[in-house]
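The values are calculated or read from the model by the stated rules, or taken from the named source; none is laboratory data. Fair warning: this is a prediction, and the values are worked out from it, not measured in the lab. Don't worry about glycine lacking a Cβ; one is built from the backbone with ideal geometry, like all the others, and counts go over all protein chains shown. These accessible areas exclude ligands, DNA and RNA; they are computed on the full protein's heavy atoms, side chains included. Shrake-Rupley method; radii C 1.70, N 1.55, O 1.52, S 1.80 Å.
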Amino acid sequence: MKALPVGDDALLVEVSSGEEAQALHAELVRRRAEGSLSVREIVPAARTVLLDGLADPARLADELTTSEVLPAPPRTREVIELPVRYDGPDLADVAAHWGVTPEEVARIHAGTEFTVAFCGFAPGFGYLTGLPARYDVPRRATPRTAVPAGSVALAGPYTGVYPRSSPGGWQLIGTTDAVLWDHARVPAALLSPGTRVRFVEAT
């Protein structure tokens, strides 16, 4: 683990895997909730966690770099279910990459419980993990200039849902009508780090 200073009151903590980043994020959130860590923001990413608003970042850096990242505790948060129609334009390509039928892609994907590892790219976009590594897929060789809002997509080890129309190079396997980002909702983002997610095949 490596802790890098960012400005006067922030740290960027680097770890060696996405699983360690999720475990560290869970531990830091737990510490903040119990009052043993005073920090304004805790922001996870693929292999880092940013802590912003620390009173003594050097002390925390010393503590973190000499400690072990324990596995994340069992997830107890409620599961969010997202209805999905497996009708994406890249479904057949993903099926061929996996060596299964398009119907089997839907069965495997809908049979997996995902966890939001981190958020980014666009407001409301969560990077969801859960599929075994054998189902990793490459990004498209040529990104689309406009991916429709609600597109359920795969890239590398991640599943994501586009909250609004935007360019993108992920493989599109389905569509959901779920609203991922709503300014009138509190919180505005439906998905946040640590959220458990299941995709339910719409009939």
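Using R₀ = 45 Å, calculate the FRET efficiency as 1/(1 + (r/R₀)^6) where r is the Cβ-Cβ separation of Thr142 and Ala58; round to 0.05. Given R0 = 45 Å and the Cβ-Cβ separation, E is 0.45. Per the 1.4 Å probe, what fraction of the accessible area of the chain, in percent, lies on carbon and sulfur atoms? Looking at the chain in its full context, I get 54 percent from C and S.
Excluding ligands, DNA and RNA, the accessible surface per residue across the stretch 1-152 is 55 Å² with a 1.4 Å probe.
Among Glu103, Glu41, the sequence by solvent-accessible area, most first, with a 1.4 Å probe is Glu103, Glu41. Diagonalising the gyration tensor over the Cα atoms of the stretch 40-144 and scaling each eigenvalue by 5 before taking the square root yields semi-axes of 35, 16, 14 Å, largest first. The modelled label-to-label distance for the pair Ala33/His97, using points 7 Å beyond Cα in the direction of Cβ, is 3.5 nm. Close amide H partners of Ser166, meaning residues 5 or more places away or on another chain with modelled amide H under 5 Å apart, are Val147.
Ellipticity at 222 nm from helices only: DSSP H runs of n ≥ 4 in the chain, each -39500 (n - 2.57), divided by the residue count, give -6500 deg cm²/dmol.
Distant-in-sequence amide contacts of Leu4, defined by a placed amide H-H separation under 5 Å and a gap of 5 or more residues or a different chain, comprise Leu12, Val13, Glu14. Measuring r between the beta carbons of Ala202 and Ala46 and using R0 = 35 Å, the FRET efficiency lands at 0.70.
In this structure the amide hydrogen of Asp87, modeled in the peptide plane, comes within under 5 Å of the amide hydrogens of Gly174, Thr175, none closer than 5 places in sequence on its chain.
Model label sites at Asp8 and Val79, defined 7 Å from Cα along the beta-carbon direction, differ in position by 4.8 nm. A simple charge model with +1 on the Cβ of Lys and Arg, -1 on the Cβ of Asp and Glu and nothing else charged puts the dipole of the stretch 62-203 at about 260 debye relative to its Cα centre.
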